[in-house]
Amino acid sequence: TCNLSNCSLENTRIQNVLFKGCKIMGLDFSKCDKFLIGFNFKDSFISMSVFSYLDLNDISFNGCEIFESDFIETNLMNANFDNSDLKYSRFHKTNLSFASLENAKNYIIDPNQNNLRKASFSFPEVVGLLAAFDINIK
């Protein structure tokens, strides 16, 4: 358990780290040394953080609250967001193929702007994928 807020991650190497029950606010993981980067999150609160432009294949965010965070052009192939809350997080040109968002909630992901091939979602939250189409569902 840790509390990391507004720390500079410039040139930091993070390998084989599990953030469990942590509070992480305002961290820019895209500033980390991208060579051999590897971390996972469980039951953590993550807010206003940046995961953009990273190769995070197989990463796990299991049971996390991920608020107002950026996943722009991020490789999240095989990622696990099960039981996570993604309120106001942004996904753009992100590879979510084979990712699991089962029982995840509050996500809005544009299927036209992200790769969702073989990703798994749960009902009723999966209707968040339709928000990009500006349609009414009753």
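The values are calculated or read from the model by the stated rules, or taken from the named source; none is laboratory data. Model, not experiment: these values are computed from the prediction. Ideal geometry is used to build each Cβ from the backbone, glycine not excepted, and the neighbour counts take in all protein chains shown. For the accessible areas, the whole protein counts, side chains as well, though only heavy atoms, and no ligand, DNA or RNA atoms are used. Shrake-Rupley method; radii C 1.70, N 1.55, O 1.52, S 1.80 Å.
Report the local net charge at Lys23: Lys and Arg +1, Asp and Glu -1, summed over other residues whose C-beta lies under 12 Å from its C-beta.
Details: positive: Lys20; negative: Asp43, Glu65.
My count for the surroundings of Lys23 gives -1.
How charged is the neighbourhood of Ser120? Take every other residue with its Cβ under 14 Å from the Cβ of Ser120, and add Lys/Arg as +1 and Asp/Glu as -1.
Details: positive: Arg117, Lys118; negative: Asp82, Glu102, Glu125.
Taking every Cβ under 14 Å from that of Ser120, the sum is -1.
Hey, got a sec? Which GluC sites (Glu not before Pro) in the range 1-86 land in a DSSP loop and have at most 12 other Cβ atoms within 10 Å?
Details: sites: Glu10, Glu65, Glu68, Glu73; in loops: Glu10, Glu68, Glu73.
Those satisfying the criteria are Glu10.
In the chain, carbon and sulfur make up what percent of the accessible area (probe 1.4 Å)? It would help to have the intermediate numbers written out before the result.
Values: 3560 of 7550 Å².
Accessible surface attributable to carbon and sulfur in the chain totals 47 percent.
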| Sequence-separation-based contact order of the chain, relative, with Cα cut under 8 Å and 6+ spacing, percent | 15
| said: Give me the extension gain from Glu10 to Glu65: residue separation times 0.36 nm, minus the current Cα-Cα distance, reported in nm with one decimal. | reply: 17.4 nm
| request: Any chance you could run the full-extension gain for Leu36 through Glu102? It's 0.36 nm times the residue separation minus the Cα-Cα distance, nm to one decimal. | output: 21.0 nm
| said: Can you match mean projected area of the Cα convex hull in nm² to one of these, (i) 7.5; (ii) 11.0; (iii) 9.5, based on a calculation from the structure here? | reply: (i)
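Give me the accessible area per residue for the range 32-73, probe 1.4 Å, as a whole number in Å². Present the calculation step by step, with values, prior to reporting the outcome.
Numbers: 1760 Å² over 42 residues.
Result: 42 Å² per residue.
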| What pairs from Lys93/Lys118; Lys93/Lys138; Lys105/Lys138; Lys34/Lys87; Lys20/Lys105 go past 22 Å between their alpha carbons? | Lys93/Lys138; Lys34/Lys87
